[in-house]
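Reading through the C-alpha coordinates given below for one structure.
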(Lines give C-alpha, C1' and ligand atoms only; values in the text may rest on other atoms or scores of the structure.)
Protein backbone atom coordinates (compact mmCIF):
# COMPACT_ATOMS: atom_id res chain seq x y z
CA UNK A 1 0.00 0.00 0.00
CA UNK A 2 2.60 2.51 1.12
CA UNK A 3 4.75 1.51 -1.83
CA UNK A 4 2.01 2.16 -4.40
CA UNK A 5 1.08 5.52 -2.84
CA UNK A 6 4.75 6.37 -3.00
CA UNK A 7 4.93 5.40 -6.65
CA UNK A 8 1.94 7.60 -7.59
CA UNK A 9 2.90 10.66 -5.63
CA UNK A 10 6.63 10.27 -5.91
CA UNK A 11 8.71 12.31 -3.59
CA UNK A 12 5.99 14.98 -3.31
CA UNK A 13 4.63 13.46 -0.12
CA UNK A 14 7.99 13.62 1.53
CA UNK A 15 8.72 17.20 0.66
CA UNK A 16 7.77 19.92 3.01
CA UNK A 17 5.07 21.82 1.19
CA UNK A 18 4.54 25.41 2.15
CA UNK A 19 2.43 26.42 -0.85
CA UNK A 20 -1.36 26.42 -0.64
CA UNK A 21 -3.69 23.59 -1.51
CA UNK A 22 -4.66 24.83 -4.98
CA UNK A 23 -1.13 24.73 -6.26
CA UNK A 24 -0.66 21.36 -4.62
CA UNK A 25 -3.66 19.96 -6.47
CA UNK A 26 -2.66 21.49 -9.78
CA UNK A 27 0.74 19.91 -9.46
CA UNK A 28 -0.96 16.50 -9.47
CA UNK A 29 -3.25 17.39 -12.40
CA UNK A 30 -2.54 16.19 -15.91
CA UNK A 31 -4.72 18.86 -17.55
CA UNK A 32 -1.84 21.27 -17.32
CA UNK A 33 -0.03 19.47 -20.07
CA UNK A 34 -2.83 19.91 -22.59
CA UNK A 35 -2.56 22.67 -25.15
CA UNK A 36 -4.65 25.73 -24.20
CA UNK A 37 -7.24 25.35 -26.99
CA UNK A 38 -7.68 21.67 -26.38
CA UNK A 39 -8.45 22.33 -22.75
CA UNK A 40 -11.14 24.91 -23.52
CA UNK A 41 -12.78 22.63 -26.05
CA UNK A 42 -12.88 19.67 -23.69
CA UNK A 43 -14.25 21.73 -20.84
CA UNK A 44 -17.13 23.12 -22.88
CA UNK A 45 -17.82 19.69 -24.35
CA UNK A 46 -18.02 18.26 -20.83
CA UNK A 47 -20.42 20.97 -19.66
CA UNK A 48 -22.68 20.55 -22.70
CA UNK A 49 -22.74 16.77 -22.41
CA UNK A 50 -23.49 16.86 -18.69
CA UNK A 51 -26.24 19.45 -19.09
CA UNK A 52 -27.85 17.55 -21.95
CA UNK A 53 -27.73 14.32 -19.94
CA UNK A 54 -29.42 15.96 -16.97
CA UNK A 55 -32.08 17.50 -19.21
CA UNK A 56 -32.85 14.18 -20.89
CA UNK A 57 -33.07 12.46 -17.50
CA UNK A 58 -35.45 15.11 -16.15
CA UNK A 59 -37.66 14.98 -19.27
CA UNK A 60 -37.73 11.22 -19.11
CA UNK A 61 -38.69 11.17 -15.42
CA UNK A 62 -41.45 13.72 -15.91
CA UNK A 63 -43.42 11.50 -18.27
CA UNK A 64 -42.92 8.26 -16.37
CA UNK A 65 -45.71 6.92 -14.20
CA UNK A 66 -43.30 5.21 -11.81
CA UNK A 67 -43.87 7.59 -8.89
CA UNK A 68 -47.61 7.15 -8.64
CA UNK A 69 -47.64 6.60 -4.90
CA UNK A 70 -49.11 9.33 -2.80
CA UNK A 71 -47.51 10.42 0.43
CA UNK A 72 -49.87 10.80 3.32
CA UNK A 73 -50.63 14.37 4.37
CA UNK A 74 -50.31 15.33 8.02
CA UNK A 75 -53.61 15.18 9.83
CA UNK A 76 -54.52 17.20 12.92
CA UNK A 77 -54.78 14.29 15.37
CA UNK A 78 -56.30 14.87 18.75
CA UNK A 79 -52.96 13.69 20.14
CA UNK A 80 -50.65 15.79 17.97
CA UNK A 81 -48.79 18.42 19.94
CA UNK A 82 -46.16 18.22 22.61
CA UNK A 83 -48.57 18.01 25.50
CA UNK A 84 -51.66 16.44 23.93
CA UNK A 85 -52.67 13.08 25.32
CA UNK A 86 -54.44 10.37 23.38
CA UNK A 87 -58.21 10.58 23.23
CA UNK A 88 -59.25 7.57 25.28
CA UNK A 89 -62.85 7.55 24.09
CA UNK A 90 -61.38 7.22 20.59
CA UNK A 91 -59.10 4.37 21.71
CA UNK A 92 -62.18 2.56 22.99
CA UNK A 93 -64.02 3.00 19.70
CA UNK A 94 -60.87 1.99 17.84
CA UNK A 95 -60.79 -1.24 19.79
CA UNK A 96 -64.35 -1.91 18.62
CA UNK A 97 -63.25 -1.34 15.02
CA UNK A 98 -60.26 -3.64 15.44
CA UNK A 99 -62.34 -6.37 17.03
CA UNK A 100 -65.15 -6.24 14.49
CA UNK A 101 -63.25 -5.47 11.30
CA UNK A 102 -59.46 -5.83 11.28
CA UNK A 103 -59.29 -8.85 13.60
CA UNK A 104 -60.75 -10.96 10.79
CA UNK A 105 -57.36 -10.86 9.06
CA UNK A 106 -54.82 -9.12 11.33
CA UNK A 107 -53.39 -10.41 14.58
CA UNK A 108 -52.31 -8.22 17.51
CA UNK A 109 -50.18 -10.82 19.17
CA UNK A 110 -48.45 -8.56 21.65
CA UNK A 111 -51.59 -7.11 23.19
CA UNK A 112 -53.27 -8.58 26.24
CA UNK A 113 -56.75 -7.94 27.54
CA UNK A 114 -55.25 -6.65 30.75
CA UNK A 115 -53.64 -3.81 28.76
CA UNK A 116 -57.12 -2.39 28.15
CA UNK A 117 -57.81 -1.98 31.86
CA UNK A 118 -57.64 1.64 32.90
CA UNK A 119 -57.03 2.79 29.33
CA UNK A 120 -60.23 2.12 27.45
CA UNK A 121 -62.13 -0.38 29.57
CA UNK A 122 -62.88 -1.02 33.20
CA UNK A 123 -61.59 -4.24 34.69
CA UNK A 124 -65.01 -5.88 34.51
CA UNK A 125 -65.45 -4.90 30.89
CA UNK A 126 -61.99 -6.16 29.95
CA UNK A 127 -62.75 -9.46 31.68
CA UNK A 128 -65.98 -9.72 29.69
CA UNK A 129 -64.09 -8.97 26.46
CA UNK A 130 -61.58 -11.69 27.27
CA UNK A 131 -64.25 -14.20 28.18
CA UNK A 132 -65.75 -13.83 24.70
CA UNK A 133 -62.84 -15.64 23.08
CA UNK A 134 -61.81 -19.26 23.40
CA UNK A 135 -58.16 -19.85 24.24
CA UNK A 136 -56.20 -23.05 23.78
CA UNK A 137 -54.68 -24.07 27.09
CA UNK A 138 -53.12 -27.14 28.55
CA UNK A 139 -51.96 -29.78 28.76
CA UNK A 140 -54.21 -31.03 31.57
CA UNK A 141 -53.52 -34.10 33.76
CA UNK A 142 -54.35 -36.36 30.81
CA UNK A 143 -51.88 -34.52 28.61
CA UNK A 144 -54.61 -33.07 26.44
CA UNK A 145 -54.95 -29.52 25.22
CA UNK A 146 -58.29 -27.94 25.97
CA UNK A 147 -60.16 -24.74 25.25
CA UNK A 148 -61.28 -22.32 27.91
CA UNK A 149 -62.73 -18.80 27.94
CA UNK A 150 -60.05 -16.11 27.88
CA UNK A 151 -58.70 -14.37 30.96
CA UNK A 152 -57.27 -10.89 31.46
CA UNK A 153 -53.74 -12.21 31.05
CA UNK A 154 -54.44 -13.73 27.63
CA UNK A 155 -53.20 -12.19 24.42
CA UNK A 156 -55.55 -11.13 21.65
CA UNK A 157 -56.37 -14.20 19.54
CA UNK A 158 -54.80 -14.46 16.08
CA UNK A 159 -57.09 -15.10 13.13
CA UNK A 160 -54.67 -17.60 11.57
CA UNK A 161 -52.57 -20.27 13.26
CA UNK A 162 -49.40 -19.31 11.33
CA UNK A 163 -48.05 -17.11 8.54
CA UNK A 164 -48.55 -19.74 5.85
CA UNK A 165 -52.22 -20.09 6.67
CA UNK A 166 -52.57 -16.29 6.61
CA UNK A 167 -50.89 -16.11 3.19
CA UNK A 168 -52.98 -18.96 1.82
CA UNK A 169 -56.16 -17.17 2.83
CA UNK A 170 -55.05 -13.76 1.52
CA UNK A 171 -53.88 -14.35 -1.99
CA UNK A 172 -50.27 -14.88 -0.93
CA UNK A 173 -50.01 -11.62 0.99
CA UNK A 174 -49.35 -11.62 4.72
CA UNK A 175 -51.52 -9.28 6.79
CA UNK A 176 -48.93 -7.87 9.20
CA UNK A 177 -49.41 -7.92 12.95
CA UNK A 178 -50.96 -4.60 13.91
CA UNK A 179 -49.56 -4.15 17.43
CA UNK A 180 -46.59 -2.03 16.40
CA UNK A 181 -47.69 -1.12 12.89
CA UNK A 182 -47.82 2.62 13.64
CA UNK A 183 -44.14 2.61 14.52
CA UNK A 184 -43.34 0.29 11.63
CA UNK A 185 -44.57 2.47 8.77
CA UNK A 186 -43.30 5.78 7.45
CA UNK A 187 -45.94 8.40 8.09
CA UNK A 188 -47.25 6.42 11.08
CA UNK A 189 -50.95 7.01 11.77
CA UNK A 190 -51.22 9.54 8.94
CA UNK A 191 -50.22 6.79 6.54
CA UNK A 192 -52.61 4.23 7.97
CA UNK A 193 -55.50 6.67 7.89
CA UNK A 194 -54.75 7.51 4.26
CA UNK A 195 -54.34 3.83 3.41
CA UNK A 196 -57.67 2.87 4.92
CA UNK A 197 -59.60 5.70 3.30
CA UNK A 198 -57.59 6.01 0.08
CA UNK A 199 -59.02 3.18 -2.06
CA UNK A 200 -60.01 4.22 -5.57
CA UNK A 201 -60.28 2.84 -9.10
CA UNK A 202 -56.98 2.00 -10.72
CA UNK A 203 -55.91 4.62 -13.25
CA UNK A 204 -55.73 3.60 -16.89
CA UNK A 205 -52.67 1.50 -17.64
CA UNK A 206 -52.23 0.05 -14.16
CA UNK A 207 -52.61 -3.71 -14.25
CA UNK A 208 -54.06 -5.39 -11.18
CA UNK A 209 -53.83 -9.11 -10.70
CA UNK A 210 -56.64 -11.26 -9.35
CA UNK A 211 -57.34 -10.36 -5.72
CA UNK A 212 -55.48 -7.07 -5.82
CA UNK A 213 -56.94 -3.65 -5.12
CA UNK A 214 -55.68 -0.24 -6.08
CA UNK A 215 -54.55 2.10 -3.33
CA UNK A 216 -52.37 5.06 -4.26
CA UNK A 217 -50.84 5.23 -0.75
CA UNK A 218 -49.59 1.64 -0.81
CA UNK A 219 -46.10 1.11 -2.21
CA UNK A 220 -46.56 0.01 -5.81
CA UNK A 221 -50.25 0.85 -5.73
CA UNK A 222 -51.55 -2.72 -5.72
CA UNK A 223 -52.41 -4.16 -2.32
CA UNK A 224 -53.95 -7.47 -1.39
CA UNK A 225 -56.00 -5.90 1.37
CA UNK A 226 -59.52 -5.14 0.23
CA UNK A 227 -61.11 -1.93 1.43
CA UNK A 228 -62.19 -2.68 4.99
CA UNK A 229 -63.60 0.64 6.16
CA UNK A 230 -66.94 1.81 4.82
CA UNK A 231 -69.56 4.17 6.25
CA UNK A 232 -71.45 2.33 8.98
CA UNK A 233 -69.62 -0.96 8.58
CA UNK A 234 -70.10 -1.30 12.35
CA UNK A 235 -72.22 0.53 14.89
CA UNK A 236 -70.53 2.23 17.84
CA UNK A 237 -71.84 1.41 21.29
CA UNK A 238 -71.52 5.07 22.35
CA UNK A 239 -73.68 6.23 19.45
CA UNK A 240 -70.95 8.11 17.55
CA UNK A 241 -71.95 8.26 13.85
CA UNK A 242 -69.80 5.57 12.22
CA UNK A 243 -68.64 7.32 9.06
CA UNK A 244 -65.63 5.90 7.29
CA UNK A 245 -63.40 8.79 8.34
CA UNK A 246 -64.50 8.43 11.98
CA UNK A 247 -63.82 4.67 11.91
CA UNK A 248 -60.40 5.20 10.36
CA UNK A 249 -59.51 7.93 12.85
CA UNK A 250 -60.52 5.76 15.79
CA UNK A 251 -58.65 2.66 14.63
CA UNK A 252 -55.56 4.81 14.05
CA UNK A 253 -55.76 6.26 17.56
CA UNK A 254 -56.13 2.74 18.93
CA UNK A 255 -53.15 1.49 16.93
CA UNK A 256 -51.11 4.51 18.02
CA UNK A 257 -51.83 3.63 21.62
CA UNK A 258 -51.00 -0.04 20.97
CA UNK A 259 -47.63 0.89 19.49
CA UNK A 260 -46.85 3.51 22.13
CA UNK A 261 -48.69 2.61 25.32
CA UNK A 262 -46.44 4.99 27.23
CA UNK A 263 -47.54 7.92 25.03
CA UNK A 264 -49.51 9.88 27.65
CA UNK A 265 -47.01 9.30 30.38
CA UNK A 266 -44.18 10.42 28.13
CA UNK A 267 -45.89 13.71 27.40
CA UNK A 268 -46.66 14.24 31.03
CA UNK A 269 -43.00 13.59 31.75
CA UNK A 270 -42.09 16.29 29.23
CA UNK A 271 -44.17 18.78 31.17
CA UNK A 272 -42.56 17.74 34.43
CA UNK A 273 -39.03 17.82 33.11
CA UNK A 274 -39.64 21.22 31.55
CA UNK A 275 -40.45 22.70 34.94
CA UNK A 276 -37.83 20.67 36.76
CA UNK A 277 -34.98 21.52 34.40
CA UNK A 278 -35.95 25.21 34.28
CA UNK A 279 -35.77 25.22 38.07
CA UNK A 280 -32.39 23.43 38.07
CA UNK A 281 -31.12 25.80 35.40
CA UNK A 282 -31.90 28.82 37.52
CA UNK A 283 -30.26 27.24 40.54
CA UNK A 284 -27.09 26.32 38.70
CA UNK A 285 -26.91 29.79 37.16
CA UNK A 286 -27.23 31.36 40.57
CA UNK A 287 -24.75 28.92 42.10
CA UNK A 288 -22.17 29.63 39.43
CA UNK A 289 -22.50 33.38 39.86
CA UNK A 290 -22.30 32.91 43.59
CA UNK A 291 -19.10 30.91 43.46
CA UNK A 292 -17.50 33.12 40.86
CA UNK A 293 -18.06 36.41 42.69
CA UNK A 294 -14.69 36.09 44.37
CA UNK A 295 -12.90 35.24 41.16
CA UNK A 296 -14.61 37.93 39.13
CA UNK A 297 -14.01 40.72 41.60
CA UNK A 298 -10.39 40.08 42.55
CA UNK A 299 -7.40 41.67 41.00
CA UNK A 300 -4.06 40.03 40.44
CA UNK A 301 -1.08 42.27 40.39
CA UNK A 302 2.46 41.45 39.42
CA UNK A 303 5.05 43.29 41.44
CA UNK A 304 8.57 42.36 40.58
CA UNK A 305 10.76 42.28 43.63
CA UNK A 306 13.26 45.02 43.45
CA UNK A 307 16.84 43.97 43.92
CA UNK A 308 17.19 46.16 46.97
CA UNK A 309 14.75 44.55 49.34
CA UNK B 1 -31.92 36.07 66.64
CA UNK B 2 -33.15 36.55 63.11
CA UNK B 3 -35.20 33.87 61.37
CA UNK B 4 -32.28 32.77 59.19
CA UNK B 5 -30.05 32.22 62.20
CA UNK B 6 -32.76 30.27 63.98
CA UNK B 7 -33.25 28.02 60.97
CA UNK B 8 -29.53 27.56 60.61
CA UNK B 9 -29.05 26.64 64.23
CA UNK B 10 -32.06 24.36 64.43
CA UNK B 11 -31.89 22.57 61.07
CA UNK B 12 -28.70 23.06 59.13
CA UNK B 13 -25.94 23.04 61.70
CA UNK B 14 -25.90 19.36 62.60
CA UNK B 15 -25.54 16.84 59.85
CA UNK B 16 -28.31 14.70 61.32
CA UNK B 17 -30.92 17.46 61.34
CA UNK B 18 -29.69 18.72 57.99
CA UNK B 19 -30.26 15.34 56.37
CA UNK B 20 -33.66 15.05 58.00
CA UNK B 21 -34.58 18.47 56.64
CA UNK B 22 -33.49 17.44 53.15
CA UNK B 23 -35.57 14.24 53.32
CA UNK B 24 -38.66 16.06 54.59
CA UNK B 25 -38.36 18.84 52.01
CA UNK B 26 -37.92 16.29 49.23
CA UNK B 27 -41.14 14.60 50.27
CA UNK B 28 -43.22 17.76 50.29
CA UNK B 29 -41.60 19.20 47.20
CA UNK B 30 -42.20 16.00 45.24
CA UNK B 31 -45.84 15.76 46.31
CA UNK B 32 -46.66 19.35 45.38
CA UNK B 33 -44.62 19.29 42.18
CA UNK B 34 -46.17 16.05 40.94
CA UNK B 35 -49.61 17.11 42.05
CA UNK B 36 -49.51 20.44 40.29
CA UNK B 37 -47.97 19.23 37.03
CA UNK B 38 -50.42 16.33 36.87
CA UNK B 39 -53.27 18.72 37.50
CA UNK B 40 -52.02 20.95 34.71
CA UNK B 41 -51.67 18.00 32.32
CA UNK B 42 -55.19 16.85 33.08
CA UNK B 43 -56.53 20.38 32.57
CA UNK B 44 -54.74 20.59 29.20
CA UNK B 45 -56.27 17.30 28.12
CA UNK B 46 -59.68 17.77 29.67
CA UNK B 47 -62.14 15.13 28.50
CA UNK B 48 -59.59 12.95 26.71
CA UNK B 49 -58.06 10.89 29.49
CA UNK B 50 -59.53 7.67 30.87
CA UNK B 51 -60.00 9.45 34.17
CA UNK B 52 -62.49 11.80 32.55
CA UNK B 53 -64.57 9.20 30.76
CA UNK B 54 -64.49 6.25 33.11
CA UNK B 55 -67.65 7.22 35.00
CA UNK B 56 -69.55 6.51 31.77
CA UNK B 57 -68.60 2.86 31.97
CA UNK B 58 -68.38 2.10 35.68
CA UNK B 59 -71.52 0.72 37.21
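The values are calculated or read from the model by the stated rules, or taken from the named source; none is laboratory data. Only a predicted model underlies this, so the values are computations on that prediction, with no experimental measurement involved. Methodologically, a virtual Cβ is constructed for each residue, glycine included, from the backbone with ideal geometry; neighbour enumeration extends over all protein chains shown.
How many residues, within the stretch A:74-111, are more than 25 Å from residue A:164 (Cβ to Cβ) and not in a loop (DSSP other than H, G, I, E, B)?
11
Only one residue in A:199, A:217 is in contact (Cβ under 8 Å) with a residue 24 or more places away in the chain, in contact with a helix residue (DSSP H, G or I) (Cβ under 7 Å, 6 or more places away or on another chain) and more than 20 Å from residue A:92 (Cβ to Cβ), so which one is that? Explain how you work it out, then say what you get.
Working: A:199 fails: in contact with a helix residue (DSSP H, G or I) (Cβ under 7 Å, 6 or more places away or on another chain).
The conditions single out A:217.
For residue B:55, work out the one condition from (1) modelled with pLDDT under 95; (2) surrounded by 11 or more Cβ atoms within 10 Å (Cβ to Cβ) it doesn't fulfil.
(2)
Provide a single number: the residues in the stretch A:242-277 that are more than 12 Å from chain B (Cβ to nearest Cβ) and either free of Cβ contacts under 8 Å to residues at least 40 places away in the same chain or not in a loop (DSSP other than H, G, I, E, B) (or both).
Here the count works out to 18.
Just the residues that are within 14 Å of chain B (Cβ to nearest Cβ) and assigned to a loop (DSSP other than H, G, I, E, B), please, taken from the stretch A:117-150.
A:118, A:119, A:120, A:122
Identify, please: which residue in the stretch B:18-56 is more than 22 Å from the chain's Cα centre (by Cα) and part of a helix (DSSP H, G or I) and is, among those, nearest to residue A:80 (Cα to Cα)?
Kept after step one, since they are more than 22 Å from the chain's Cα centre (by Cα), are these residues of the stretch B:18-56: B:46-50, B:52-56.
When the remaining residues are screened for being part of a helix (DSSP H, G or I), the result is B:50, B:52-56.
Working: B:50: 18, B:52: 19, B:53: 20, B:54: 23, B:55: 26, B:56: 25 Å.
Among them, the one singled out is B:50.
Collect the residues in the stretch A:71-86 that are within 12 Å of chain B (Cβ to nearest Cβ) and free of Cβ contacts under 8 Å to residues at least 40 places away in the same chain, keeping them in residue-number order.
A:81, the sole residue that qualifies.
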